[in-house]
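Accompanying notes for the structure given below.
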Amino acid sequence: MHQHNKQFISIKEASIWASNFLEREVSESNISYLLQYGRIKKYHANSTTSLDVNDLRKYYKSYHANQEQDWKKKLGDDLNWTLSFNNLREKDTTKHVHRLHPYKGKFIPQLVQYFIDSHTDQFKKEVYFQTGDIILDPFAGSGTTLVQANELGMHTIGIDVSQFNCLIIKVKLANYDLSSVLEK
């Protein structure tokens, strides 16, 4: 088995390397996400987190170059690849309040918005929800559906067995007086 020489780099260096490799911005937060969720192995040296650039290269080559083709082989050519939101950076898929807590079971707000907003396309041929409608989410999780529906002027009812999840949802959906925050 071939062993490569490990080339340890910092999260900041990994961000710069990945941005150059992919020819698009890859933030330090994106790299931290890969480490946090075990996509890339994390190393510790001198009390700093580092990673092997070879692991990062392997991840991006296998993940981005072949992902769409692999899924189409498994599921067929009628796969709507745009619903993968593969083109979005992690900071875009955890926009505003969705970034408050790293809830592992959440899905991205763009996916919810795709299904509940008023657009139609080749795959979504009808609009099912309108402003003012009520959406029930019996497995609310971290509240992604509730927040997105709220943004679109819909009313929501969310239920979750986890009290912690319910707390996250309350924080995300609370009305805040932003002008008073800015004054202080």
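Laboratory data are not the source of any read-out in this text; all were calculated from the coordinates shown. Predicted model, so just to flag it, every value in this text is computed and none were measured. Ideal geometry is used to build each Cβ from the backbone, glycine not excepted, and the neighbour counts take in all protein chains shown.
Under 14 Å from the Cβ of residue 58, count the other residues' Cβ atoms, weight Lys and Arg +1, Asp and Glu -1, and hand me the total. Don't jump to the answer; show the numbers that get you there.
On the way: positive: 6, 39, 41, 57, 61; negative: 52, 55.
Here the charged neighbours net out to +3.
What do you get for Rg/Rh over segment 94-183 if you use C-alpha atoms and the Kirkwood form of Rh? Spell out each step's value before the answer.
Details: Rg = 14.0 Å, Rh = 14.0 Å.
Value, to two decimals: 1.00.
Order 140-153, 24-37, 41-54 from most to least packed using the mean count of other Cβ atoms within 10 Å.
140-153, 24-37, 41-54
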